[in-house]
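The values are calculated or read from the model by the stated rules, or taken from the named source; none is laboratory data. Remember, it's a predicted structure, so these values are computed and weren't measured experimentally. As a convention, Cβ positions derive from the backbone with ideal geometry for all residues, glycine included, and neighbour counts pool all protein chains shown. For the accessible areas, the whole protein counts, side chains as well, though only heavy atoms, and no ligand, DNA or RNA atoms are used. Shrake-Rupley method; radii C 1.70, N 1.55, O 1.52, S 1.80 Å.
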Amino acid sequence: MANGWDATPYVELSRAQWSELRKNTSLTLTEDELEELRGVDDPIDLAEVTDIYLPLTRLLNLHLTGARQRSAALNTFLGASQRPTPYILGIAGSVAVGKSTTARLLHTLLARWPEHPRVDRITTDSFLYPNKVLSDRDIMHRKGFPESYDRRALVRFVADVKAGLPEVSAPVYSHLEYDIVPGAVQTVRRPDILIVEGLNVLQPAPPTALAVNDYFDFSIYVDAKVEHIRDWYVDRFHKLRRTAFEDPKSYFKYLAELSDDEATSFARNVWRDVNERNLLQNIAPTRGRAGLVLHKGANHSIRRVRLRRI
């Protein structure tokens, strides 16, 4: 604080303070449904949903209502008659931090509000270049870094959804095959809300271009200490070795044959050389662009929330 003015654009709230902002928002999720939404090695429980995600859905509902009112006022001024534009929510964060669980939870919870029943979700994995393109460009080892995505296609997709086109399609990415599925598409049809989840969705655009986040109405960054995310990544890697990697179609089937010590060493090396480098160079620097930061403790539980107020 200097001269009575707090320069930070964020207000920071403890878990208890944030939880109080739930007001009378009802829990519409059962334990069985939550089990289906959990990510690998993400121990989220109904208390976390009640304390963190119910206040968040209330905030997003209020924010969406305000966005629609602003859009209606502009249309009145212009003398235009136009249906409400889709509300675009971006979710960013590191590999293994739990952003996919956050996206799935919000997808389910927001769709149960009567004001916006049509909610779709897309991940930026759908806009990774196919492995052949990455290999031809000699950047397979940088998969997940900004240059491994078809940025223009992603921006065009979100811009078309925001413009209210009747149908907009995106490629489909298979985590099992570790590649874009040839000919497969995911189609979005005028949703009330579109959730866009990915590592680099808060990246600024090159000069004279638009970034995908220029189309966002609100954005969330899921945050944690680097050493905690590293441990979660390694733990998740071991669980995938015992599950998905054993599938004969898995790109990573050979990793299921490693010993536990070999697997730990492999996962730590990948984390250090790829994911941590991407986090520190490209992902974490965009945290200050988010409208809301959810900060997790060592046990995956969200301990504090930072909300941009200006």
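For the subset of the range 204-234 comprising residues that are more than 19 Å from ILE302 (Cα to Cα) and either in a helix (DSSP H, G or I) or among the aromatic types (Phe, Trp, Tyr) (or both), which member is most open to solvent (accessible area, probe 1.4 Å)? So, considering only residues that are more than 19 Å from ILE302 (Cα to Cα) and either in a helix (DSSP H, G or I) or among the aromatic types (Phe, Trp, Tyr) (or both), the one most open to solvent (accessible area, probe 1.4 Å) is ASP214. Any idea which of ALA263, ALA224 is farther than 24 Å from LEU109 by Cα and small (Gly, Ala, Ser)? ALA263 is the lone residue from the list that is farther than 24 Å from LEU109 by Cα and small (Gly, Ala, Ser).
Which of (1) surrounded by 18 or more Cβ atoms within 10 Å (Cβ to Cβ); (2) assigned to a strand (DSSP E or B) is the odd one out, the single condition ALA184 does not satisfy? Among (1) surrounded by 18 or more Cβ atoms within 10 Å (Cβ to Cβ); (2) assigned to a strand (DSSP E or B), ALA184 violates only (1).
All told, ALA96 meets the bar of being under 20 Å from the mean Cα position of the chain (by Cα) and at positive phi.
If you go through the range 45-57 one residue at a time, do you hit one that is under 23 Å from TRP232 (Cβ atoms), open to solvent by 50 Å² or more (accessible area, probe 1.4 Å) and either basic (Lys, Arg) or not in a helix (DSSP H, G or I) (or both)? The answer is yes, given that some residue of the range 45-57 is under 23 Å from TRP232 (Cβ atoms), open to solvent by 50 Å² or more (accessible area, probe 1.4 Å) and either basic (Lys, Arg) or not in a helix (DSSP H, G or I) (or both). Of the residues making up the range 278-303, those that are part of a strand (DSSP E or B) and buried (at least 17 other Cβ atoms within 10 Å of the Cβ) are LEU292, VAL293, LEU294, HIS295, LYS296, ILE302. Being free of Cβ contacts under 8 Å to residues at least 40 places away in the same chain, of a type in the set (Gly, Ala, Ser) and either under 24 Å from ASN282 (Cα atoms) or touching a Cys at 6+ places or on another chain (Cβ under 8 Å) (or both), is that true of even one residue in the range 183-190? Within the range 183-190, none of the residues are free of Cβ contacts under 8 Å to residues at least 40 places away in the same chain, of a type in the set (Gly, Ala, Ser) and either under 24 Å from ASN282 (Cα atoms) or touching a Cys at 6+ places or on another chain (Cβ under 8 Å) (or both). In the set PHE218, PHE245, only one residue is of a type in the set (Phe, Trp, Tyr) and closer than 30 Å to THR65 by Cβ; that residue is PHE218. Of the set (1) of a type outside the set (Lys, Arg); (2) open to solvent by 40 Å² or more (accessible area, probe 1.4 Å); (3) not in a helix (DSSP H, G or I), all apply to SER250 but (2).
Confirm whether LEU199 is in a loop (DSSP other than H, G, I, E, B), more than 28 Å from ARG83 (Cβ to Cβ) and modelled with pLDDT of 95 or more. Here the answer is yes, as LEU199 does meet what is asked.
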